[in-house]
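The values are calculated or read from the model by the stated rules, or taken from the named source; none is laboratory data. As the structure is a computational prediction, the values presented were derived from the model and not from experiment. Here the Cβ positions follow ideal geometry from the backbone for every residue, glycine too, while neighbour counts run over all protein chains shown. Accessible surface is based on the protein model in full, side chains and every heavy atom, while ligands, DNA and RNA are left aside. Shrake-Rupley method; radii C 1.70, N 1.55, O 1.52, S 1.80 Å.
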Amino acid sequence: MARVFRQQIDEGILDRAAGLFARHGFTQTSVQAVADAVGLSKAGLLHYFPSKEALREAVFRRSLELQREVHDQVADLPPGPERDRLAIETIVDQAMARPGLVSLTLGLHTTLDAWAVETRTLVEAFGTGPDPEPERLMRITGALGALSILVLAAHRAGKGSAWRPHVVATSYDALGHSREIPEAAR
């Protein structure tokens, strides 16, 4: 039981820290700011993560784990609309549960560098090859940007589950697909 509780605390700290890093940058985010955001003293936060760098490393590792979860969810599907929709749905669900971590991950993606270490797995989840076409890369970036903004807006409005279908549809549309759901995905 204690281990589950510790994982929940760690997950909450990582999500809040990632959100602050996404909003203010790593260098401009203090350990005290993260501690305040999670309701701990600075010493209490340092009990979980002994330094700001350790916290950054844990956030980065968790971001990569979330991307791997998306990739693993869609890996057996061929590139195309069905895979794209499942990738979007998986990312939306992650973002609804962990807005800070996903905001940081998607913010890193806006560099349009398809093979940056921070976002490579996420781009691959959309079935891109080693050298994605510029239009495809821009569509993925547009879909992820829309997804990020809409999920954050849904959180602020307290409408996460109510807006989920609209977030998925808008992000899917940005990939260049019609709203018609493939028969296999129904």
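Residues in the range 79-104 that are small (Gly, Ala, Ser) and either in contact with a helix residue (DSSP H, G or I) (Cβ under 6 Å, 6 or more places away or on another chain) or part of a helix (DSSP H, G or I) (or both): 87, 95, 97, 100, 103.
Applying a threshold of 6 Å to beta carbon distances and a minimum spacing of six or more residues, or different chains, the list of pairs starting in the range 161-179 at a residue that is within 16 Å of residue 87 (Cβ to Cβ) and ending at one that is of a type in the set (Gly, Ala, Ser) and modelled with pLDDT under 95 reads 170/146; 171/143; 171/146; 174/142; 174/143; 174/146; 175/143. For residue 26, state whether it is assigned to a loop (DSSP other than H, G, I, E, B) and either open to solvent by 30 Å² or more (accessible area, probe 1.4 Å) or in contact with a strand residue (DSSP E or B) (Cβ under 7 Å, 6 or more places away or on another chain) (or both). Judged against the criteria, residue 26 is a match.
For every residue, the table says whether it meets (1) under 21 Å from the mean Cα position of the chain (by Cα); (2) open to solvent by 30 Å² or more (accessible area, probe 1.4 Å).
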{"position": "14", "(1), (2)": "yes, no"}
{"position": "18", "(1), (2)": "yes, no"}
{"position": "22", "(1), (2)": "yes, yes"}
{"position": "36", "(1), (2)": "no, yes"}
{"position": "45", "(1), (2)": "no, no"}
{"position": "53", "(1), (2)": "yes, yes"}
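Condition check ((1) aliphatic (A, V, I, L, M); (2) touching a residue at least 24 places away in the same chain (Cβ under 8 Å)) across all residues:
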site	(1), (2)
11	no, yes
14	yes, yes
28	no, no
35	yes, no
39	no, no
49	no, yes
71	no, yes
78	no, yes
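Here residue 179 does not qualify as in a helix (DSSP H, G or I), at pLDDT below 90 and not hydrophobic (A, V, I, L, M, F, W, C).
Between 120, 156, the distinction of being open to solvent by 50 Å² or more (accessible area, probe 1.4 Å), within 26 Å of residue 26 (Cβ to Cβ) and modelled with pLDDT under 85 belongs to 120 only.
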